Amino acid sequence: MFLQNINGHTASPEGHNPITLIGFKASATKMQTLPSPGESFTCSGPCYDRAKEAKEFEETKAGVKGLVDSGVAKVPRLFIHPPQNLRDLSSDTDGAATGLEVPVIDMMGCEDCRRKDVVNDLRRALETWGFFRIINHGIPVDAMERMLETVKQFHEQPEGVKREWYSRDDAKKFRYYSNGDLFWSKAATWKDTLFFDFPSGGLEPEAVPVLCREPVFEYEKHIEKLKRSLSELLSEALGLDSGYLGEIECMESKTMVGHYYPICPEPELTLGTINHSDAAFLTLLLQNHHGGLQFRHKDQWVDVSPVPGAILANIGDLMQLVSNDKFKSAEHRVLARQAGPRVSVACFLFPRGTRKSKPYGPIEELLDEDNPPLYRETSFPEYFGYYLSSGNGMNGEAVLPHFRVSEPK
Ligand SMILES: O=C(O)CCC(=O)C(=O)O
Ligand SMILES: [Fe+2]
């Protein structure tokens, strides 16, 4: 299966496995730490060998956490981002400075008396922000906390134990790695990742380390239930029958990633996650109490601070495509920080079939003379393949416009 992580955290665009590039061993602490902020990335003097540094880092199988544990006081060059990625690193908590408010969807009573209000709130949130914070979503706080804690515990195990799970082998339904796009990104990001692949039939418990098993499957069960409710609410927010998105089976499959963002000694030089929009239909996100997540709204980065018990949801590119731009796929990123470790769990929802899936285009019921289709049809594998080959949407360039066939009237 070519699909490793819905946001390309481990997938290779041309399908070759980056692990074959690894050749030799070296100490991660010996890595270069040039250039300083603002310095040009062009090579003068002896050229910087990025591929070599990436291989050395990969060989440690200890991730960014391993670097931090080994005592690095400077961000190695591999992780230093070009200035255009490091613009506006300051934060504006929940839009405080601008008076903007991150939308909150309170699901209490959404099955009966408050349904109309919830659907209206959801429509407004997705037409403007593309994401929302959900409260009273039905997932027990305990299940959320245990999920975050198990991801943290995994990453904080001794290196020798974790190393056994380090892999870029896309046949593995559970794996641990740092920077899925390590071998082709312009700069690496300051985090390590656990990956859980729930193919249509479900992830086998035996594929997951005992440490994580119970919390992961418990959390997944709750996510499935929340997904079904959200699918109905989203359908209604689009003005469709509540079963519509369920019937087109656009969220039948899922992957989860458990990110660990260690404390960063020079957060002004790197990022935890580079700006991107998610490729799939819907993302449900848990984060611990260390902030750093930002969404782009009205041309500025807005901090989306953690709220205990809340879940964040954002729509991805394909939901924007089928909604014919009614809903917006939100650009987001995670700052590297001196506080931490930050832990997050993202669950990406997308259609079944990683090599072949049915085509998805703008939903016919949303089209008329004034609303012609803005996008051509595509399948999820086609879209995701393009997303990966153009840099996982993580080079600051949006992927969705490549599927556009006309501009809005
Ligand atoms: O860690 C986070 O909060 C966000 C991660 C993310 O955007 C992703 O994995 O696509
Ligand atoms: Fe994302």
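Quick rundown of the values:
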read-out: Residue list for the range 372-389, filter: in contact (Cβ under 8 Å) with a residue 40 or more places away in the chain and either in contact with an Asp or Glu (Cβ under 9 Å, 6 or more places away or on another chain) or outside any strand (DSSP E or B) (or both); value: PRO373, LEU374, TYR375, PHE380, PRO381, TYR383, PHE384, GLY385, TYR387, LEU388, SER389
read-out: Residue in the range 65-77 that is under 30 Å from ILE315 (Cα atoms) and loosely packed, with under 14 Cβ neighbours inside 10 Å present; value: no
read-out: Failed condition for THR270, given (1) in contact with a Cys (Cβ under 7 Å, 6 or more places away or on another chain); (2) within 16 Å of ligand 2 (Cβ to nearest atom); (3) among the polar types (S, T, N, Q); value: (2)
read-out: Check on LEU284, under 11 Å from the mean Cα position of the chain (by Cα) and surrounded by 22 or more Cβ atoms within 10 Å (Cβ to Cβ); value: yes
read-out: Failed condition for HIS222, given (1) part of a helix (DSSP H, G or I); (2) buried (at least 23 other Cβ atoms within 10 Å of the Cβ); (3) not acidic (Asp, Glu); value: (2)
read-out: Failed item in (1) modelled with pLDDT of 95 or more; (2) under 26 Å from ILE274 (Cβ atoms), with ALA339 passing the rest; value: (1)
read-out: In the range 241-261, the residues that are surrounded by fewer than 23 Cβ atoms within 10 Å (Cβ to Cβ), assigned to a loop (DSSP other than H, G, I, E, B), in contact (Cβ under 8 Å) with a residue 60 or more places away in the chain and not β-branched (Val, Ile, Thr); value: GLU249, GLU252
read-out: Every residue from the range 87-112 that is at pLDDT below 90 and at negative phi; value: ARG87, LEU89, SER90, SER91, ASP92, THR93, ALA96, ALA97, THR98, LEU100, GLU101, VAL102
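Each row is one residue, and each column tells you yes or no for (1) touching a residue at least 40 places away in the same chain (Cβ under 8 Å); (2) closer than 26 Å to ASP325 by Cβ; (3) in a helix (DSSP H, G or I).
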{"residue": "GLU59", "(1), (2), (3)": "no, no, yes"}
{"residue": "LEU89", "(1), (2), (3)": "yes, no, no"}
{"residue": "ARG123", "(1), (2), (3)": "yes, yes, yes"}
{"residue": "ALA143", "(1), (2), (3)": "yes, no, yes"}
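The values are calculated or read from the model by the stated rules, or taken from the named source; none is laboratory data. This structure is a prediction, so every number in the text was calculated from the model and none was measured. All Cβ positions, glycine included, derive from the backbone under ideal geometry; neighbour counts span all protein chains shown.
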